[in-house]
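J.: So that we are looking at the same thing, I have put the structure below in structure tokens.
The values are calculated or read from the model by the stated rules, or taken from the named source; none is laboratory data. Quick caveat, the model's predicted, so the values are computed rather than measured. For neighbour counting, all protein chains shown are included, and Cβ atoms are generated from backbone atoms with ideal geometry for every residue, glycine included. Just so you know, the surface numbers come from the protein's heavy atoms only, side chains and all, with ligands and any DNA or RNA stripped out. Shrake-Rupley method; radii C 1.70, N 1.55, O 1.52, S 1.80 Å.
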Amino acid sequence: MAALQPILKIEDLWVSVEGKDILKGVNLTINPGEVHAIMGRNGSGKSTLSYTLMGHPRYHINRGSILFKGEEIGDLTPDERAKKGLALAFQYPVAIPGVSVSNFLRASVKAVRGKEIPVKEFRQELKQQMALLEVKDEFLSRYINDGFSGGEKKRLEILQMTLLKPALAVLDETDSGLDIDALKVVSTGINTLATKETAILLITHYQRILNYVKPDFVHVFQSGQIVKTGGSELSEELEERGYDWVTQELTPSGVA
Amino acid sequence: MAAELRQPQDTSDQFDQIRSIASDYKYGFKDKEDYVFKSGRGLTEEIVRSISAMKNEPEWMLKFRLRALDIFRKKPMPTWGNCQLLNDIDFDNIFYYIKPSEKGEKNWEEVPEGIKQTFDRLGIPEAERKFLAGVTAQYESEVVYHSIREDLEAQGVIFLDMDSGLREHEAIVREHFSTVIPSADNKFAALNSAVWSGGSFIWVPSGVKVEIPLQAYFRINAENMGQFERTLIIAEPGSYVHYIEGCTAPVYSTDSLHSAVVELIAKKGAHIRYTTIQNWSKNVYNLVTKRAVAHEDAKVEWIDGNLGSKLTMKYPAIYLVGQRAHGEVLSVALSGNDQHQDAGAKIIHAAPNTSSTIVSKSISKDGGRASYRGLIKVYPEAKNSKSSVRCDALLLDEASRSDTYPTMEVDEKEVTIEHEATVSKVGEEQLFYLMSRGLTEAEAKAMIVNGFFEPFTKELPLEYAVELNRLIQLEMEGSVG
Ligand SMILES: Nc1ncnc2c1ncn2[C@@H]1O[C@H](COP(=O)(O)OP(=O)(O)OP(=O)(O)O)[C@@H](O)[C@H]1O
Ligand SMILES: [Mg+2]
């Protein structure tokens, strides 16, 4: 078998926003079918990484590269990246008043797949995914995230992922704010995403979701870098011991 | 706007349709001029007399015209609004009357070929077949085609062009004509009163509800044309009518003038809804006086969409003269490069327990300018009146501009008046969110803008809503990159 082409290869990535350095040398490789979890303190730069991957205009890459399926995507617009198979479930999805969820989903799926989907076929697919994620029909005629509860927003994010079927889905704290039942439902959704071809980068603060979505790798993010990588056991250790020991491990005693 | 109709569909389909359309303004084509009569440029008493003579009008109408001409000449230009653009109007260079054909036809096949093709291209006959109860199509100064469904005619509903209305129902016209908007109201109302031609005349008998909209379509074709239609709608007690008008013109390098007068009379318990989708080309001055009177328990709604024109000055007004009368003005304006939409609303509360709402939404882009100009007046004794005004402006770039000029004159204490105004910019985070889902910047902007206009769009018949969304998308395509 030919050497596997990684879906994502980030090398020495330095990113600043409003002139402030946030990411300071991130390295990360993700292969097809893998599930990676990133954990780390508030403000350590996890969302910055997810925004940068998706191409937010305010995040400037100062050094390093992002190879997506072997191609540098640092200069592409967000829609171009989406069309190549990258998708981001937002930590804080924004509301867009006046735009119905159904119109938006249809436009989005059509844009990403690059072709018209017959209305009937689309409806069918949509209904199926909505049933899986227990999203009620009435959401289709509501405006995007407008007046949605925190958990409802997260479900809509995952619904979009399952419709767009990206090669790499970056899920930024999709589990935050979900009740216990919703967490199971959303996890089921994530697991349907995780096929042999699709990879998942899951940003989370909690071990809980990792009971449902088994990560192949767990990374610890700190001060704009990945400072430690392990298997799924690492998340359990973090849950138990917090982040201090990681920090200490990195700083030879007495130096600090 | 026109109704380039198709099956109901999701707006997302429209992205494809846009790509297939090359130019920004698809109504910009022009026809060869082939007229029965075209006046010389400029305005003279002789022209006014000959318009009246050609129409075989009664003496009182000729006198009315001549008086109005006198008022027009004496009245100064408004000293507010966009004075600079107003003063650029060259009244001596305008053609005040153009008669495209001998008579208005009831049968589509008999409309002169060239004109028929124009309206075919604009989708009018198709629109009529699909969802209208009646249609009037005005080309230059005259109505060239007109029809009404037989069942409405049988119920006694009158829907005619204004000239035929005057000929066939002189008593009703004489009783109501110019009672809502006197010639002396403003310079452009005076001008219209002097040279008016065409427009719609609608009379709905007591208790009759016209459930399907009546539509008029206005088209200017000639360069430097002045179109001065005159519309009068009378809803007898307990009746209902919805009237829709759409307007387009070719793109010329010099300007045309559209100056209409529209009078609505909603008698006791009647309900009139008047919808406008103005999509004039960007060389048309659109200076229109629209006013309604709402009697006891009556309801009047102006649904007013302004997309095109060089300068629009239009403030649909409602006089609430009977107890519990209700008025609503819902307007949107889209102002692009070299455009100024100066629009708003006026509501006069002149009776107790009257209520009104004004919702105005404007978008400015590519250096365009949108202004909201509104008046709420409450007379003494109009106790327990309520009014709420909401103005939302969306700016798409730094070069564009939005202003609000609200005026409140309240002479009664027991009233509730709310006013709220917001100005926002298209959010970077909203754009990023939509683009991360595969939409291009233009598509994302169009989606946000359509969402912003949604409170307006959802009041339109579906075909119009789809068309409006599409026009907005075209505008966005034109403004990116
Ligand atoms: N636009 C901005 N201007 C200034 N600082 C910013 C901006 N965006 C992010 N930052 C800073 O960058 C740092 C990293 O933020 P980021 O949102 O990536 O953290 P995070 O790891 O996702 O945190 P959380 O777990 O709370 O979501 C924070 O200190 C934040 O304040
Ligand atoms: Mg975050």
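J.: Given the Cα-Cα distance of A:I117 and A:N62 and 0.36 nm per residue of separation, how much length would full extension add, in nm?
T.: Stretched out fully, the A:I117 to A:N62 stretch lengthens by 15.8 nm.
J.: Further question on the same structure: Rolling a 1.4 angstrom probe over the protein heavy atoms, how many square angstrom per residue are accessible across the range B:27-428?
T.: Ligands and nucleic acids excluded, the figure is 36 Å² per residue.
J.: Still on this model: For A:K214 and A:S141, calculate 0.36 nm times their separation in residues minus their Cα-Cα distance, and state this gained length in nm to one decimal.
T.: Full-extension gain reported as 22.8 nm.
J.: Points 7 angstrom from Cα along the Cβ direction at B:K106 and B:Y405: gap in nanometres?
T.: Here the answer is 4.7 nm between the modelled labels.
J.: Same structure again: Can you tell me the relative contact order of chain B? Whole percent, Cα pairs under 8 Å, sequence separation 6 or more.
T.: RCO, chain B: 12 percent.
J.: Can you tell me what share of the DSSP beta bridges in chain A is antiparallel? A percent to the nearest 5 is fine.
T.: The antiparallel proportion sits near 60 percent.
J.: Sorted by average packing, counted as other Cβ atoms within 10 angstrom per residue and highest first, what order do B:104-115, A:42-53 take?
T.: Output ranking for B:104-115, A:42-53: A:42-53, B:104-115.
J.: Tell me which of A:A107, A:I38, A:W14 sits at the most positive position along the dipole axis of chain A, charges placed on C-beta atoms (Lys, Arg +1; Asp, Glu -1).
T.: Ranked along the dipole, the leading option is A:A107.
J.: Heavy atoms of the protein only, probe of 1.4 Å, neighbouring chains included. What is the accessible area of B:Y240 in Å², nearest 10?
T.: About 40 Å², rounded to the nearest 10.
J.: What is the average number of partner chain Cβ atoms found within 10 Å of a Cβ in B:437-447?
T.: That average works out to 6.
J.: List the relative contact order of the range B:429-481 as a percent without decimals, with contacts defined as Cα pairs under 8 Å and 6+ residues apart.
T.: Once divided by the residue count of the range B:429-481, the mean separation gives 42 percent.
J.: Could you rank A:D137, B:D397 by how accessible they are, 1.4 Å probe, largest area first?
T.: A:D137, B:D397
J.: If I fit a long axis through the Cα atoms of helix A:180-193 and take the longest principal axis of the Cα atoms of chain A, what angle between them do I get, 0 to 90°, rounded to 10?
T.: With both axes taken from Cα atoms, the answer is about 90 degrees.
J.: Return the percentage of antiparallel bridges among DSSP beta bridges fully within chain B, rounded to the nearest 5 %.
T.: Close to 10 percent.
J.: Still on this structure, I have one more. Rounded to the nearest 20 debye, what is the charge dipole size of the range B:429-481 about its Cα centre when +1 sits on each Lys and Arg Cβ and -1 on each Asp and Glu Cβ?
T.: 100 debye
J.: 7 Å from Cα along Cα→Cβ at both B:A184 and B:D34: what's the point-to-point distance in nm?
T.: So the label points at B:A184 and B:D34 sit 4.7 nm apart.
J.: Based on DSSP, what percent of beta bridges with both residues in the protein assembly as shown are antiparallel, to the nearest 5?
T.: 20 percent
J.: Could you point to the residue in B:G226, B:C83, B:I272 farthest towards the positive end of chain B's charge dipole, with +1 and -1 charges on the Cβ of Lys/Arg and Asp/Glu respectively?
T.: Highest projection toward the positive end goes to B:C83.
J.: Going by accessible area, probe 1.4 Å, with all protein chains left in place, what is the ranking of A:T247, B:T118, B:T416, largest first?
T.: B:T416, A:T247, B:T118
J.: Now for a separate question. If you take each beta carbon of peptide A:135-144 and count the beta carbons of other chains within 10 angstrom, what is the mean?
T.: For peptide A:135-144, the averaged partner shielding equals 1.
J.: Is the shape of the range A:1-106 best called rounded, prolate or oblate, per the rule: a/c under 1.5 gives rounded, else a/b larger than b/c gives prolate, else oblate, with a ≥ b ≥ c the square roots of the Cα gyration tensor eigenvalues?
T.: oblate
J.: Roughly how many nanometres apart are two label points built 7 Å out from the Cα toward the Cβ at A:H205 and B:E459?
T.: 4.5 nm
J.: Right, another one. Is there a quick way to get the dipole size of the range B:27-428? I mean about its Cα centre, with the Cβ of Lys and Arg at +1 and of Asp and Glu at -1; what is the value in debye to the nearest 20?
T.: Around 640 debye, computed over the range B:27-428.
J.: B:C391 accessible area, nearest 10 Å², 1.4 Å probe?
T.: Solvent-accessible area, nearest 10 Å²: 10 Å².
J.: Relative contact order, percent, of chain A when contacts are C-alpha pairs under 8 Å separated by at least 6 residues?
T.: 27 percent
J.: On average, how many beta carbons from a partner chain sit within 10 Å of the beta carbon of a residue in A:100-113?
T.: That works out to 6 on average.
J.: Show A:K84, B:K445, B:K458 ordered by accessible area, largest first, where the area counts protein heavy atoms only and the probe is 1.4 Å.
T.: Result of the area sort, largest leading: B:K458, A:K84, B:K445.
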